[in-house]
Amino acid sequence: MHRRALYCVYPVLPKATYPTEIDAAVHCYKYMADNAERLSIDITRIVIGGDSAGGNLALETAIAVGATDLPQPIGLMTLYPVVDDRQNTPSMHEFVDTPLWNARCNAKMWQWYLDGQTYVSPIERLGTLSVRHVFVETEQYDCLHDEGVALYNALAKSIPDVQLLDNPGTYHGFDINLQADVTVRSLRTRTAFLQRCFGVLK
C-alpha cells in the first residue's frame, strides 16, 4: 500500500454549525475505511490531523470514530488546536489582539459555531479515543496556547506516545512563512512524528 494523504472538505460557518462538520468528517472517514482497497489505503496506519479549527475537527473525529467498530486511527496530530469553548485560560485572557487569530476572534467563532447549543470540551470526552500516537503543537503568542497544553496533559495520562511541540516566539498560523527557520524546524518535527506513526522511524 502507498502512503497517501486524503482531505475532508467540510461545510463551514456561518451556514454550517455544530455538529455538521464533525458528521461530515466521520462520514468521510467511514467512506475511506469502506473503500480502503480501491483507494490504496493501509487501514492499519491512519493518522488524523488538522490545524486550528481543523485540530478540533481531527480530535472530534478521532473521538467519534473511537465509539464505532470502524478501523481505528493509529495517530492524531493537532496543530494549535481549538479544543475548549470555555475560553478561560491565561493565554485566552492575554492574547486579545495577536496576528491571524486572537481571543476576540475565538469568542465570535464559538458563538457562531455553537449557535446556542450545549457543548462539552473534547478534553472532557477522551474516553473513546483509541490512538497510539499523538502530536500536539502550540505557539507561544496564541490565545489557544494553554488549551493545547491542557489537551497534551490530558492525553499523556492514557496514551503511551504523546508529544508536545511548544514553539517559542511564534503566533497562531506562523507557518504561513515557509522560509522561516522555526517553520522548517516545526515541519521536520511533524514529519518525524508521522514517520514514527507509519513505522518509518522507530
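The values are calculated or read from the model by the stated rules, or taken from the named source; none is laboratory data. What you see is a predicted model, and the numbers here were worked out from it, not measured in a lab. Glycine gets a Cβ as well: all are built from the backbone with ideal geometry, and neighbour counts include every protein chain shown. The accessibility values were calculated without ligands, DNA or RNA, using every heavy atom of the protein model including side chains. Shrake-Rupley method; radii C 1.70, N 1.55, O 1.52, S 1.80 Å.
Just a yes or no: is a residue in segment 111-122 under 18 Å from the mean Cα position of the chain (by Cα) and more than 30 Å from ASP69 (Cα to Cα)? No, because not a single residue in segment 111-122 is under 18 Å from the mean Cα position of the chain (by Cα) and more than 30 Å from ASP69 (Cα to Cα). Picking from residues in segment 132-181 that are β-branched (Val, Ile, Thr) and closer than 18 Å to PRO73 by Cα, the one that is surrounded by the fewest Cβ atoms within 10 Å (Cβ to Cβ) is ILE159. Cβ-Cβ distances below 6 Å connect the following pairs, each with a first residue in segment 183-201 that is at negative phi, a second residue that is part of a helix (DSSP H, G or I) and surrounded by 12 or more Cβ atoms within 10 Å (Cβ to Cβ), and a separation of six or more residues or different chains: THR183/ASP175; LEU201/GLN195.
Within segment 20-55, restricting attention to residues that are among the hydroxyl-bearing types (Ser, Thr, Tyr) and either open to solvent by less than 20 Å² (accessible area, probe 1.4 Å) or within 25 Å of TYR80 (Cβ to Cβ) (or both), the residue that is farthest from the chain's Cα centre (by Cα) is THR20.
Check segment 120-127 and report whether any residue there is closer than 18 Å to GLY50 by Cβ, open to solvent by 30 Å² or more (accessible area, probe 1.4 Å), in contact with a strand residue (DSSP E or B) (Cβ under 8 Å, 6 or more places away or on another chain) and in contact (Cβ under 8 Å) with a residue 24 or more places away in the chain. Looking for residues that are closer than 18 Å to GLY50 by Cβ, open to solvent by 30 Å² or more (accessible area, probe 1.4 Å), in contact with a strand residue (DSSP E or B) (Cβ under 8 Å, 6 or more places away or on another chain) and in contact (Cβ under 8 Å) with a residue 24 or more places away in the chain, one finds none in segment 120-127, hence no. Looking only at residues in segment 80-108 that are over 13 Å from GLU147 (Cβ atoms) and touching a strand residue (DSSP E or B) at 6+ places or on another chain (Cβ under 7 Å), the one that is least open to solvent (accessible area, probe 1.4 Å) is THR98.
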